[in-house]
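Engineer: Sharing a structure, written as structure tokens. Questions coming.
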Amino acid sequence: MNNLMYPEVLWLLLLPMVVRHWWAPAKGLHGDALKVPFVQDLEKINLKAGGLWNMRAHDDKHWSTPLILLYAIWACLVAALARPQLVGEATRLPSMGRDILLVVDISNSMRQPDFVIGQRRVDRLSAIKQTATKFLEKRVDDRIGLVLFGALAYLQAPITYDKNSVAEILWATEAGMAGDSTSIGDALGLALKSLKDSKDVDKKIIILMTDGENNSGSLSLPQAIELARQEGVKIYTIGVGSDQSLVQSILGFRLAMPSGLDEESLMNIAEATKGTYFRAKDTNSLQKIYDEIDKLEASENEAQFIRETTELFYVPLIAALALTLILLMVLRRR
């Protein structure tokens, strides 16, 4: 697409015509020129001599070759002054997104089937897989990482723009792969270590999802909280699971047992790191939590685009130079 940066200067194209039409003929130093009866003969002589500014030769409609070339040079200079450009297609600006680490509990308790997806009962980890994947799809400009933990914590996916790989690793995970107990402190410590190289302090985020309490590991929650505050990392905590867990009894019946979720600790983690605590008792509430986090940590520059622009002012300048050379050749021949 062609474009002019300063189209308002195009009115200058009319300037030579205005000058030609309105300016009176030049007068001599001592008054008007002497009128003689053979003026027409003098005009013919002037034409043969190749006068550059012979603007009224024979009549106003006559344009000499030098005058046409001169006006063409002027038009090229005005065109260059207007700065013609070649504008390309709109390209979305790359945004400086956030570094987000998903820290997911995969202890045995995440096998509890107290969530429903499509009228089918599923376990807690399956609900997290589905809702977290939808969340990843929305974070276009962010780098995502994944930490899985149970008795031990593992960095399964370092911070990366490849969200598909992160989602695939999450979907391949099964509850119980990392042991029976829950080491929340160690998982947060590993996540903070992974985010240490991130340059922008205000854009480092951890989303912690668990259904239990910190009952294993070497790093306590107060120590993990202090490390997060020092690094300036915001932590969103999500308590997963219903208020009561269903336990299979010896006789084959499912018994309702109190949930082992430590909500108070999760609230303290979120409050100390300027994050937010959420409670996910079912699939709908879990999805709403991810939508809320998506709003709180809205991506930047989502609607900013740029068009590649190529300057073409040199084209009319080259044309003006070429016409100037032609004009000099015409005048020399005359």
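Engineer: Tally up the residues in the stretch 154-166 that are assigned to a helix (DSSP H, G or I) and either of a type in the set (F, W, Y) or in contact (Cβ under 8 Å) with a residue 60 or more places away in the chain (or both), please.
Structural biologist: Residues meeting the conditions: 1.
Engineer: Any chance the stretch 148-159 includes a residue that's in contact with a Phe, Trp or Tyr (Cβ under 7 Å, 6 or more places away or on another chain) and closer than 19 Å to I205 by Cβ?
Structural biologist: yes
Engineer: Sort out which residues of the stretch 167-196 are among the β-branched types (V, I, T), buried (at least 23 other Cβ atoms within 10 Å of the Cβ) and assigned to a loop (DSSP other than H, G, I, E, B), and write them in order of number.
Structural biologist: Selection gives T182 alone.
Engineer: Could you check the stretch 212-297 for helices (runs of 4 or more DSSP H) lying wholly inside it with 3 or more residues that are under 22 Å from A132 (Cβ atoms) and modelled with pLDDT under 90?
Structural biologist: Helices (runs of 4 or more DSSP H) meeting the threshold: 283-296.
Engineer: Restricting attention to the stretch 132-155, which residues are surrounded by 19 or more Cβ atoms within 10 Å (Cβ to Cβ) and under 25 Å from G185 (Cβ atoms)?
Structural biologist: If the condition is that a residue be surrounded by 19 or more Cβ atoms within 10 Å (Cβ to Cβ) and under 25 Å from G185 (Cβ atoms), then A132, F135, R143, I144, G145, L146, V147, L148, F149, G150, A153 are the ones that fit.
Engineer: For the stretch 197-211, which positions are open to solvent by 30 Å² or more (accessible area, probe 1.4 Å) and either part of a loop (DSSP other than H, G, I, E, B) or closer than 28 Å to P113 by Cβ (or both)?
Structural biologist: Within the stretch 197-211, D197, K199, D200 meet the criteria.
Condition check ((1) modelled with pLDDT of 85 or more; (2) among the charged types (D, E, K, R); (3) closer than 30 Å to A280 by Cα; (4) surrounded by 13 or more Cβ atoms within 10 Å (Cβ to Cβ)) across all residues:
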| site | (1), (2), (3), (4) |
| --- | --- |
| L10 | yes, no, no, yes |
| R20 | no, yes, no, yes |
| M55 | no, no, no, yes |
| A75 | yes, no, no, yes |
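Engineer: Report, by residue number, each residue of the stretch 270-284 that is closer than 12 Å to T210 by Cα, within 31 Å of the chain's Cα centre (by Cα) and open to solvent by 40 Å² or more (accessible area, probe 1.4 Å).
Structural biologist: Residue satisfying the conditions is Y277 alone.
The values are calculated or read from the model by the stated rules, or taken from the named source; none is laboratory data. Owing to the predicted nature of the structure, the values given are computational and were not obtained by experimental measurement. Methodologically, a virtual Cβ is constructed for each residue, glycine included, from the backbone with ideal geometry; neighbour enumeration extends over all protein chains shown. With ligands, DNA and RNA removed, areas are computed over all heavy atoms of the protein, side chains included. Shrake-Rupley method; radii C 1.70, N 1.55, O 1.52, S 1.80 Å.
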